[in-house]
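Colleague: This is the structure I have questions about; it appears just below.
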Amino acid sequence: MATEALNAGAVYSEMILRMEKFDAAMATIQSALKKIDSETAKTKSKLAGLADGMGAVGKKMSMAFTLPFSVMSFAAIGTALGDSVKNASDLNETVSKSSVIFGTSSKDIMKWSDGAAQNLGMSKRAALDSASSFALFAKQAGLSGQAVNDFSKQNVQMAADLASFFNSSPEEAITAMTAALRGESEPIRRYNILLDDASLRQAALKKGLISTTKDALTPQQRILAAQSLIMQQASAAVGDFARTSNQLANQQRIQAAEYENVSAKLGTSLLPVMLA
């Protein structure tokens, strides 16, 4: 009987401990849900502002975005929370990678990424991920410090402008640009940019990378020459995202980016629960 009593006591203690952990987890989730309400209100406000500028038809379209927040079912909330945790985890991984790549200059690139949704139509994660890809090319080309940051930000901005100008996605523009920096000229043709060998050598000569166009380009010189040529040939697209940011396509990009940012922010508060 004594043994059975001890076993029952141990089971009871374990149940109490589990209940306490469950209560703590639920408290964290309730706090996160309050944050969702706050961030959703901000998003609704932004969408309402967009609706005013688009007229009655635009208002109906914006309501199609806001209504799901109001009538979200419990199952949908569960899915949203799961997505939030994933978005938070993805953002953390990207921030960690960016910190390593940019090193002591990472604070500048982090601050820049905070405005990526409004200025580029990209989430913070997407902007940092893209900037990190361009930063690796910059370092291969021999750049360092702030020059790496400037190279990265300039190329990400150009990708956003190309996507806006040619009605593609920023991801597609970034893929084409990084391919061009690697030496693959075909993908960037979609954006009316031609990177033949003669043009690249001429661009390298203008930048002072070579003394004569008879010189062969090193991989490092080719990166800088290709980037210069892209900026030159895509001059018509420069600033297009800002010029057309109030149009539907770019507003959709902005709202999608802001939603991912909000989702990741929520997920950050839920990560400790998932880890536990």
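The values are calculated or read from the model by the stated rules, or taken from the named source; none is laboratory data. Predicted, not measured: the structure shown is a model, and the values here were computed from it. We place every Cβ from the backbone using ideal geometry, glycine too, and count neighbours over all the protein chains shown. We work out accessible area using only protein heavy atoms, side chains counted, and drop any ligands, DNA or RNA first. Shrake-Rupley method; radii C 1.70, N 1.55, O 1.52, S 1.80 Å.
Colleague: What figure in square angstrom, to the nearest 10, would you give for the accessible area of Arg222 with a 1.4 Å probe?
Modeller: 50 Å²
Colleague: Can you give me the Kirkwood hydrodynamic radius for the stretch 129-276, using every pair of distinct Cα atoms, in Å to one decimal?
Modeller: The answer is 16.8 Å.
Colleague: Still on this model: Just to check I understand the Karplus step: with θ = phi - 60° and J = 6.51 cos²θ - 1.76 cosθ + 1.60, what whole-Hz values come out for the stretch 114-121, glycine and proline as x?
Modeller: After applying 6.51 cos²θ - 1.76 cosθ + 1.60, I find 4, x, 5, 4, 6, 8, 10, x Hz.
Colleague: Quick one: accessible area per residue over the stretch 185-276, 1.4 Å probe, rounded to a whole number of Å²? It would help to have the intermediate numbers written out before the result.
Modeller: Details: 4870 Å² over 92 residues.
I get 53 Å² per residue for the stretch 185-276.
Colleague: Then there is this: Rounded to whole Hz and in sequence order, give me ³J(HN,Hα) for the stretch 211-228 from the Karplus expression 6.51 cos²θ - 1.76 cosθ + 1.60, θ = phi - 60°, writing x for Gly and Pro.
Modeller: Per residue, the Karplus-derived 3J(HN,Hα) values read 9, 8, 6, 7, 6, 6, 8, 6, x, 5, 5, 5, 4, 5, 5, 5, 4, 5 Hz.
Colleague: Between Asn167 and Gln146, what is the label-to-label distance in nm when each label sits 7 Å out along the Cα-to-Cβ direction?
Modeller: 4.1 nm
Colleague: With all protein chains present, how much of the accessible area of the stretch 80-239 (probe radius 1.4 Å) comes from carbon and sulfur, to the nearest whole percent?
Modeller: 49 percent
Colleague: So if I take the centroid of the Cα atoms in the stretch 152-193 and the same for the stretch 89-141, what is the distance between those two points in Å?
Modeller: 17 Å
Colleague: Sort largest first and round to whole Å: the equivalent ellipsoid semi-axes of the stretch 79-189, each the square root of five times a Cα gyration tensor eigenvalue.
Modeller: 22, 19, 12
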